[in-house]
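These notes are about the structure you will find just below.
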Amino acid sequence: MIKALIAVEPSGPPVHDIENTGAPDWFKDAERTKTSGLADVPLAYDPPLTGDAKLEFVRQDKADRSDLVQCWLQKEPAHRLPSLTRIPVVIISAEASYHAAYDHCTAAYLNQAGVRNTHIRLAEFGVHGNGHMMMIEKNSVAIAGVIAQWLERQHLRERQAGR
C-alpha cells in the first residue's frame, strides 16, 4: 500500500521538456511531447484512452511570473488519474534548481487530473540555496525536516486505521 508520494523535484514539466535559452525569454518548449502528459509511459486515466485516442493539451497564455515557464495542461474536460486521488502527494522544489521554474506546472497538472497535492518551495520555509541534488547539500537535514513535517501533517496512521 502506498501511503504518500514525496516527489523531490520530479521529472517534469508536463507535456514538453524545457530548453533553457537565456535572455530575454529564458525558456522554450522542447519539440517532443510526453504522450501521457506526465510521462511517455501509459497512465491509467479516467475516462481511459482507448484505441487511437490521445490526450489534448493547451498552453497557459502567460506565465504566473517572469521566472516561471508557461504550463501545459489538458484540454478540458480533463482526464483524471483515479489511482492517485486518495494518496497525499507533495512536490518539493529547491530555490536554485532548474526545477524551480517548472515544478508548479506538475502541481497544476496533477490538480487538474484530480490529484490533490502540495507544492513546497523550500525557500518559503526558510531553506535557501540548494540545487537539484539537495540531498548532498550542507542543509539537507533542514530539507528532511520540511518533508518530515509535511508527513506528520498527513496523519497517515489515522488514515490507515480508518480504512
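Residue-by-condition table, conditions (1) at pLDDT below 90; (2) basic (Lys, Arg); (3) in a loop (DSSP other than H, G, I, E, B):
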| position | (1), (2), (3) |
| --- | --- |
| Pro77 | no, no, yes |
| His104 | no, no, no |
| Ala107 | no, no, no |
| Arg116 | no, yes, yes |
| Val141 | no, no, no |
| Gln149 | no, no, no |
task: Kindly provide the set of residues from the stretch 63-87 that are closer than 20 Å to Thr33 by Cα and surrounded by fewer than 13 Cβ atoms within 10 Å (Cβ to Cβ), ordered by number.
output: Lys75, Glu76, Pro77
field: Out of Ser66, Ser83, sole residue that is among the polar types (S, T, N, Q) and part of a loop (DSSP other than H, G, I, E, B)
entry: Ser66
query: Just checking, which of Pro10, Pro42 is within 18 Å of the chain's Cα centre (by Cα), surrounded by 11 or more Cβ atoms within 10 Å (Cβ to Cβ) and outside any helix (DSSP H, G or I)?
result: Pro10
query: List the pairs whose first member sits in the stretch 36-62 and is closer than 12 Å to Tyr109 by Cβ, whose second member is charged (D, E, K, R) and loosely packed, with under 12 Cβ neighbours inside 10 Å, and whose Cβ atoms are under 6 Å apart, counting only residues at least 6 apart or on separate chains?
result: Val58/Lys75
message: Looking at (1) among the charged types (D, E, K, R); (2) closer than 21 Å to Val115 by Cβ; (3) exposed (fewer than 14 other Cβ atoms within 10 Å of the Cβ), which one does Asp25 not meet, given that it meets all the others?
response: (2)
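The values are calculated or read from the model by the stated rules, or taken from the named source; none is laboratory data. It should be emphasised that the depicted structure is a prediction, and the values quoted were computed from it without experimental measurement. When we count neighbours, we look across all protein chains shown, and the Cβ atoms used for this are built from the backbone with ideal geometry, even at glycine.
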